[in-house]
Amino acid sequence: MSISGKYACIKFGGATLAGSGGFNFEEVADDLDATVATTASNNGGVTGTVQTEPGLVKATLRGTLKFDKTTGAYTPVRAGTTITSATVHDEVGSAAKVTITAGYVMRSSKKAETRGMIEVEFEVAANTYTVTQ
């Protein structure tokens, strides 16, 4: 499952992160495959097919924050930060689509370009979360 929002609003601890410029929340299950015997082959062996089942699920929130240095305040998002309350909204004022109650910021980067905005990208590993459609 993957949901994204152009007019996203990301909140940590109930406070909206300034410059929310989009998010991507992704759940990925480990691919557990097994060979299932189907029929005997001509040479006395057994042929089989692969049966796939989901294993452990890893959930990741990726966010982007954009700032105009002359008018915007930078919201620091640092790698290693413990997350105990984070919500993701399709747009400001909408109900939370994702609520993370336990996780960690695993990656954070900040870049700036001439004639561009300051951009912060971060990645949160969500250990405990709920998704609302």
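Only one entry of GLY93, GLY80 meets the criterion of being at positive phi, at pLDDT 90 or above, surrounded by fewer than 11 Cβ atoms within 10 Å (Cβ to Cβ) and not aromatic (Phe, Trp, Tyr), and that entry is GLY80.
Given the criterion under 21 Å from GLY14 (Cβ atoms), buried (at least 16 other Cβ atoms within 10 Å of the Cβ) and of a type in the set (Ser, Thr, Tyr), identify the matching residue among TYR74, TYR129.
Details: TYR74 fails: buried (at least 16 other Cβ atoms within 10 Å of the Cβ).
Result of the check over TYR74, TYR129: TYR129.
If you go through the stretch 108-130 and pick out every residue that is among the aliphatic types (A, V, I, L, M) and more than 20 Å from THR70 (Cα to Cα), you end up with 3. Of the residues making up the stretch 79-97, not a single one is charged (D, E, K, R), over 17 Å from PHE12 (Cβ atoms) and not in a loop (DSSP other than H, G, I, E, B).
The residues of the stretch 103-133 that are in contact with a Ser or Thr (Cβ under 8 Å, 6 or more places away or on another chain) and part of a loop (DSSP other than H, G, I, E, B) amount to a single one, THR132. Residue selection: THR52 fails the criterion of being in contact with a strand residue (DSSP E or B) (Cβ under 6 Å, 6 or more places away or on another chain), within 27 Å of GLY116 (Cβ to Cβ), of a type in the set (Ser, Thr, Tyr) and modelled with pLDDT of 80 or more. Annotation for the stretch 25-41: at least one member residue is surrounded by 17 or more Cβ atoms within 10 Å (Cβ to Cβ), part of a strand (DSSP E or B) and out of contact with any Ser or Thr (no Cβ under 6 Å at 6 or more places or on another chain). Is it the case that some residue within the stretch 47-58 is in contact (Cβ under 8 Å) with a residue 40 or more places away in the chain, surrounded by 16 or more Cβ atoms within 10 Å (Cβ to Cβ) and of a type outside the set (S, T, N, Q)? Among the residues of the stretch 47-58, not one is in contact (Cβ under 8 Å) with a residue 40 or more places away in the chain, surrounded by 16 or more Cβ atoms within 10 Å (Cβ to Cβ) and of a type outside the set (S, T, N, Q), which makes the answer no.
The values are calculated or read from the model by the stated rules, or taken from the named source; none is laboratory data. Everything numeric here is computed off the predicted structure, so don't read it as measured data. So basically every Cβ, Gly included, is an ideal-geometry build from the backbone, and we count neighbours across all protein chains shown.
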